[in-house]
Every structure is written in C-alpha cells, then in structure tokens.
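Notes follow the structure.
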Amino acid sequence: MKRSRRKFSPAFKAKVAIVALKEQQTLSELAQRFEVHPNQISLWKREFQQNADKAFGEKSSKEEPQINVDQLYQQIGQLQVENDFLKKRRGAAPLKKTGL
C-alpha cells in the first residue's frame, strides 16, 4: 500500500531543529521520538542554523503601509470644498419640511 507524503508545519520543524541543536539525544533517538528520518532532522537543523540571522533582521515592510501624501492632500482639499459648500447651503436657505 502506498503511503501518502506527510507535511510538517514550520513550528514543528523549528521545534525538532532546536531539540537537535541541544544535542542531548542522538539523531536516531530524535528520529524515533518525532517519527521522522534522521536525515530529515539533519536537514532541518542545518536550515535552521543558516536562517537564524533572519530572526533578528530588519522589520518586515508589512508593518508600515505605504502612504501617498499627495492623494491625502487632494482628499483633504476635496472634503474642505464640500464642507464649505454645505455650510453656505445651510445658511442660505433652510430645507423645507414636508408633512407625511
């Protein structure tokens, strides 16, 4: 019977890599404990070490959205014109009330 391919979450891979870095157990013991091949643990450990510097790198650009200042000034100007128009309209002629 064919066995389907398992997919592991990044959190699980990081957990296994950290335990492997501690070197308190052999790779075969870890492989038995986490039910993965020892070569896979070695690969995750190596990848974890290579990408460790990214954990303390620059902040992602997702946190600071790009602001278009010109568009905001244009919108402010348009709102001011509309506001002035409504102020003049309100002072010039009161709205008629209709009885329903």
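So what does Lys54 come to for accessible area, using a 1.4 Å probe and Å² rounded to 10?
Here the accessible area works out near 140 Å².
Is the stretch 1-55 rounded, prolate or oblate when judged by the Cα gyration tensor, a ≥ b ≥ c being the square roots of its eigenvalues, rounded requiring a/c under 1.5 and prolate requiring a/b larger than b/c?
oblate
How much length, in nm to one decimal, is gained on full extension between Leu43 and Glu29, taken as 0.36 nm per residue of separation minus their Cα-Cα distance? Walk me through the intermediate numbers first.
Values: separation 14, 0.36 × 14 = 5.04 nm, distance 1.60 nm.
Value of the extension gain: 3.4 nm.
Give me the one-decimal nm value for the distance between modelled label points at Lys54 and Lys7, 7 Å along each residue's Cα-to-Cβ direction.
About 1.8 nm separates the two model spin labels.
The values are calculated or read from the model by the stated rules, or taken from the named source; none is laboratory data. Predicted model, so just to flag it, every value in this text is computed and none were measured. Positions of Cβ are generated from backbone atoms using ideal geometry, with glycine treated the same way; all protein chains shown enter the neighbour counts. Quick note on the areas: whole protein, heavy atoms, side chains included, nothing else; ligands and nucleic acids left out. Shrake-Rupley method; radii C 1.70, N 1.55, O 1.52, S 1.80 Å.
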